[in-house]
Amino acid sequence: MTSAKNSSRPAGSGRSRRPVAVLRAAGVGAVAGLAGGAVMSLGEKLEQAVTHRPDSHVPARALLALLGRDPGDAATPVLWNHVMHYGTAATLGALRGVWAVTGIRGAHADAWHTVVRLAFDQTVENVTGAGAPPATWPARELAVDVLHKTVFSVVTGQVADRLLPATLVSGRGRLSH
C-alpha cells in the first residue's frame, strides 16, 4: 500500500473529488470568461472609436443560423450579438478554468487559449456560412480580430489563474507510453 506522499497522484486528487473540482473550475472559468468578454468588448469599442471600424454582426448571424434562422447579410441583431459574444466567452472561459485547476496556466495557456478562441469563432462562422475564412480577410481586419481575441484570452486566463489554484495537477502521462 502506498501513502499519499509516495503516490504518483497529487494529494487530494482522488477520483471522487476530481469531477466536483472540475465542475467548480468550469463554473469559475465561465465567470472569468465573462470578465474577459467584457474587457474585450471595451477594447473593441475603444479601437472602433480610433479606427472607425463598424460593429460586426457576423457572430449574431452565425448564432441565428445555428438556430435555423437566416437573418441575411444586412441584419444587425445587436441582442443576438451579445448572446453569442458572452455565450462564447462563458463557454471558453469554462475550458480555461478547467485548464487552470489542472495546471495548464500562465502565458503558454493564454496563447493556446487564443488559438482555441479564434478556431471556435471561425468554425462556427464558416460552418454556418455567416463568415469567410480568415485567409480571405484584409490584413488589418485579421490583425484586429487576433488582437481582441488575445485580450479576451489573457484577461480570462489571469482571472482563472488567480481564482483557481492548480489542485488537480497530475504527474502521470509525461511519457508517450
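The values are calculated or read from the model by the stated rules, or taken from the named source; none is laboratory data. Everything numeric in this text was worked out from a predicted model, so none of it was measured. All Cβ positions, glycine included, derive from the backbone under ideal geometry; neighbour counts span all protein chains shown.
Quick grid of which residues meet (1) in a helix (DSSP H, G or I); (2) modelled with pLDDT of 95 or more; (3) in contact with a helix residue (DSSP H, G or I) (Cβ under 8 Å, 6 or more places away or on another chain); (4) among the hydrophobic types (A, V, I, L, M, F, W, C):
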| residue | (1), (2), (3), (4) |
| --- | --- |
| M40 | yes, yes, yes, yes |
| P59 | yes, yes, yes, no |
| A75 | no, no, yes, yes |
| G93 | yes, yes, yes, no |
| A100 | yes, yes, yes, yes |
Exercise for review: May I ask you to verify whether V155 is of a type outside the set (G, A, S), farther than 18 Å from L42 by Cα and assigned to a helix (DSSP H, G or I)?
Suggested key: no
Check your understanding: Given the residues T114, T156, which is the only one that is under 30 Å from V20 (Cβ atoms) and touching a Gly at 6+ places or on another chain (Cβ under 8 Å)?
Key -> T156
Point to revise | Matching option when the condition is touching a residue at least 40 places away in the same chain (Cβ under 8 Å), exposed (fewer than 14 other Cβ atoms within 10 Å of the Cβ) and under 23 Å from V28 (Cβ atoms), among S153, S170 | key: S170
Review point. For segment 118-150, what are the residues that are in contact (Cβ under 8 Å) with a residue 60 or more places away in the chain and within 20 Å of L66 (Cα to Cα)?
Key: D121, V124, E125, T128, G129, A130, G131
